[in-house]
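Encoded as structure tokens, the structure appears first; notes follow it.
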Amino acid sequence: MDNRAAQNTELGKFIPRPSRPPVVTSQGLVGWLRKSFFNGFLNTMLTVTVFTLLYLLIRPFIDWALVNAVWSASDRRQCLAINSDGACWAAVIHWFNNLIYGRYPNELQWRVNLGLSFGLLWILPLNLKKVTSKLQIGATGVILYPILASYIFLGGERSNIHYLLACTGLAYLLIVYIDTLLLYLGSKKSSQVIEPLLEPFLGKKADQVGFFLLLGGLVVLIAIVLQGLELEHVPTGSWGGLFITLIISGFSIVMALPIGIFLALGRRSTMPVLKWFSIATIELVRSVPMITVLFMSVTMMPLFFPNTMDLNKLAQVIIAVCIFSGAYMAETVRGGLQTISRGQFDAAKSIGLGYWHTMFLIILPQALRTMIPNIVTSFISLFKDTTLVSIIGLFDIMLMARNISIDKKWFGLHSEPLVAISFLFFIFCYGMSQYSQNLEKKLNKNR
Amino acid sequence: MMTDMDKPENKSTQSPAIEVTGLNKWFDDFHVLKDISITVEEKEIIVICGPSGSGKSTFIRCINHLEKYQEGKISIFGQSLENGKSAANIIRNNVGMLFQNFNLFPHLNILKNCTLGPIWLRNMPELEAVDQSMALLEKVGIAHLADKFPGQISGGQQQRVAIARSLAMNPKIMLLDEPTSALDPEMIMEVMEVMIDLAKSGMTMMCVTHEMQFAQEVADRVIFMSEGEIVEMGSPDQVLKNPKWDRTSQFLEHILSHKT
């Protein structure tokens, strides 16, 4: 300080000190171990106790699940004969197809794989950095994908409209991938490539019209090419396993947020009818166990529809789960909305934004960001809650797992299937949790 | 869009920019604004000062329809705000506002904060909106920060973005609610310079502030409010140097001693 300050009456020129690199504080692996686990008597005791307990618990499990496990056998008797102390994974392996696809016919299971792959293909571009039309892809996916997937899963005689819409789904997906490819090659979008051809006739609208012309052309092309294809009908009653779990939870996860946002905004609304409707729905659905909602959906919903309508148990269950999850989501969304300060509403109003603009451009994007952990928690519990549908007789993965124990060959085998599906559930749920944490990190980068 | 903008311009030759008559407002039992009446001509600069709780913020928030009021009449360029739905349109086309806490949209970058209004409310093509906003950001001296987010820049810079964001909607009237009171002295100066430029560019302004330098330099009239009333109104010299009431001189003594 002193030598930098001026000695005479004239003011000295202030020059900031140069910055130093940060002091190194890490002390290597051994240092870290000592500091974290063995600093002092108490901590050492704690470490030793916990690790001993862990060893005592995990060791027998590993012995059972891996060391003494039987991986191939034709029935339970043989399993026990080989090693009675180990897990009989042979049963799970034997039933694996049923755990995944339920009673979907073996030779047709490729259709399930195909349909689910289209779903993954639809999600993939949403995670690519360069793709700009994510909202369009997502929204179209919500509308067109179920139509395409149901066409593939169901098969049989379907209406022409269903066929054409399924083809539209395929065509749109194809355009998305062509555009993404062109994007990464540094070229224009496909609709922009044909734009100059249309420009003389249409002028400014050539871009949009070009896109729809391209889509329409592809739809017709695909519809003609696939004309002869006949898919054998598989009724929803035969769907099951992880497949049906994914369908129900996928639907409810996608629908929960829009329903939740609608109900939450309704609850905050100043219009009394809308407000009371929202409050009634939320409170009613939230204060009833999910099982009763499921039972009501299969027993009572038919009463509200004309007799002639052929209601499908799966559809009823999906509707019930969507409403149930929407009501829960509504409260999560309402909580998120409350974190937004009044200043944001004032600012939006002062530049002239109306209610819907304010909500969808300013408030919800901020609120949803703070809600991500809660939303994902809801999604995870929803995914697990769908196992309840086994109670009303849908052959989901839970029911398939329990069926193993009543199979004559594997009679009485309970633990192995449960451990196996626990493992499957863990993979899915942990994946969701990790994904949400990545999303949060990505969104928080700019804050 | 142009036709929208032209309408008030034609009227403005006859009608004052802001006309408030007999404004009364209560928060529950508390009488916040008592019979406020004022006429502000186009291009006039009004500075409002007064102790906290005197109702000055509430008053200018009423003009922007951010607060409801129980009695009275407010007109912007001769168009009354009491006719329900049209109020939003009148304000959108004429009035911009700055806040004490800037209230930028934290999830959008600086440029998008500015282009949002023109794109969604005026249907301006994106490229045109970007050009316009960049020009405005240039004018307030922060074009180089266009792709930063509000959380990454200083308070003074944020308030200047807020000014650019308001100007992007082409307002003829600006309401400023203590725009510099959340800033430190160096930042106050940078924002003040922009505000003075704005005042000299022919904007009609109503500014709640305790920056007496701003009042001296550009204000046409200074208003002193206390307990929900307009206590004094007149030229800066008249109100700041020769106040009629003891309450005014007490208050002025306080802020002057605080400043030096």
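The values are calculated or read from the model by the stated rules, or taken from the named source; none is laboratory data. Only a predicted model underlies this, so the values are computations on that prediction, with no experimental measurement involved. Here the Cβ is made from the backbone with ideal geometry for all residues, glycine too, and neighbour counts use every protein chain on show.
Here are some residues: B:Ile196, B:Ile188. Which one is under 30 Å from B:Cys62 (Cβ atoms) and either surrounded by fewer than 17 Cβ atoms within 10 Å (Cβ to Cβ) or at pLDDT 95 or above (or both)?
Just one listed residue meets the conditions, B:Ile196.
Quickly run through the stretch B:75-93 and pick out the residues that are buried (at least 23 other Cβ atoms within 10 Å of the Cβ) and facing chain A (nearest Cβ under 7 Å).
B:Ile91
When A:Arg369 is evaluated against the numbered criteria (1) under 30 Å from A:Ser72 (Cβ atoms); (2) assigned to a helix (DSSP H, G or I), which criterion, by number, is the only one it fails?
Here A:Arg369 meets the rest and fails (1).
Given A:Ser150, A:Ser133, A:Ser117, which one is at pLDDT 90 or above, under 24 Å from the mean Cα position of the chain (by Cα), in the same structural domain as A:Leu221 (by TED's automatic domain parsing) and not hydrophobic (A, V, I, L, M, F, W, C)?
So the residue among A:Ser150, A:Ser133, A:Ser117 that is at pLDDT 90 or above, under 24 Å from the mean Cα position of the chain (by Cα), in the same structural domain as A:Leu221 (by TED's automatic domain parsing) and not hydrophobic (A, V, I, L, M, F, W, C) is A:Ser117.
Output yes when any residue across the stretch A:369-378 is within 12 Å of chain B (Cβ to nearest Cβ), surrounded by fewer than 20 Cβ atoms within 10 Å (Cβ to Cβ) and under 25 Å from A:Lys442 (Cα atoms), and no when none is.
yes
For the subset of the stretch B:97-145 comprising residues that are among the small types (Gly, Ala, Ser) and over 27 Å from A:Tyr355 (Cα atoms), which member is surrounded by the most Cβ atoms within 10 Å (Cβ to Cβ)?
B:Ala143
How many of the residues making up the stretch A:316-367 are hydrophobic (A, V, I, L, M, F, W, C) and within 14 Å of another protein chain (Cβ to nearest Cβ)?
Residues that pass the stated criteria total 14.
In this structure, does B:Lys43 turn out to be at pLDDT below 90, more than 14 Å from every other protein chain (Cβ to nearest Cβ), closer than 30 Å to B:Asn123 by Cβ and surrounded by fewer than 18 Cβ atoms within 10 Å (Cβ to Cβ)?
Considered against the rule, which asks whether it is at pLDDT below 90, more than 14 Å from every other protein chain (Cβ to nearest Cβ), closer than 30 Å to B:Asn123 by Cβ and surrounded by fewer than 18 Cβ atoms within 10 Å (Cβ to Cβ), B:Lys43 comes out as no.
Can you give me the number of residues within the stretch B:94-107 that are more than 8 Å from chain A (Cβ to nearest Cβ) and not in a loop (DSSP other than H, G, I, E, B)?
So the answer is 2.
Against the condition more than 27 Å from A:Tyr104 (Cα to Cα), at pLDDT below 85 and outside any helix (DSSP H, G or I), how does A:Lys188 come out, does it pass?
yes
Output the residues belonging to the stretch B:209-233 that are touching a strand residue (DSSP E or B) at 6+ places or on another chain (Cβ under 6 Å) and either on the phi > 0 side of the Ramachandran plot or without any contact (Cβ under 8 Å) to a residue 12 or more places away in the chain (or both).
Within the stretch B:209-233, B:Gly228 is the sole residue that qualifies.
Please work out if A:Lys384 is among the basic types (Lys, Arg) and either more than 10 Å from chain B (Cβ to nearest Cβ) or not in a helix (DSSP H, G or I) (or both).
Against the criterion (among the basic types (Lys, Arg) and either more than 10 Å from chain B (Cβ to nearest Cβ) or not in a helix (DSSP H, G or I) (or both)), A:Lys384 qualifies.
Assigned to a helix (DSSP H, G or I) and within 14 Å of another protein chain (Cβ to nearest Cβ): which single residue out of A:Leu443, A:Leu424 fits that description?
After applying the criteria, what remains is A:Leu443.
Might you check whether a residue that is surrounded by fewer than 17 Cβ atoms within 10 Å (Cβ to Cβ), out of contact with any Ser or Thr (no Cβ under 9 Å at 6 or more places or on another chain) and either at pLDDT 90 or above or aliphatic (A, V, I, L, M) (or both) occurs anywhere in the stretch B:46-64?
The answer is no, given that none of the residues of the stretch B:46-64 is surrounded by fewer than 17 Cβ atoms within 10 Å (Cβ to Cβ), out of contact with any Ser or Thr (no Cβ under 9 Å at 6 or more places or on another chain) and either at pLDDT 90 or above or aliphatic (A, V, I, L, M) (or both).
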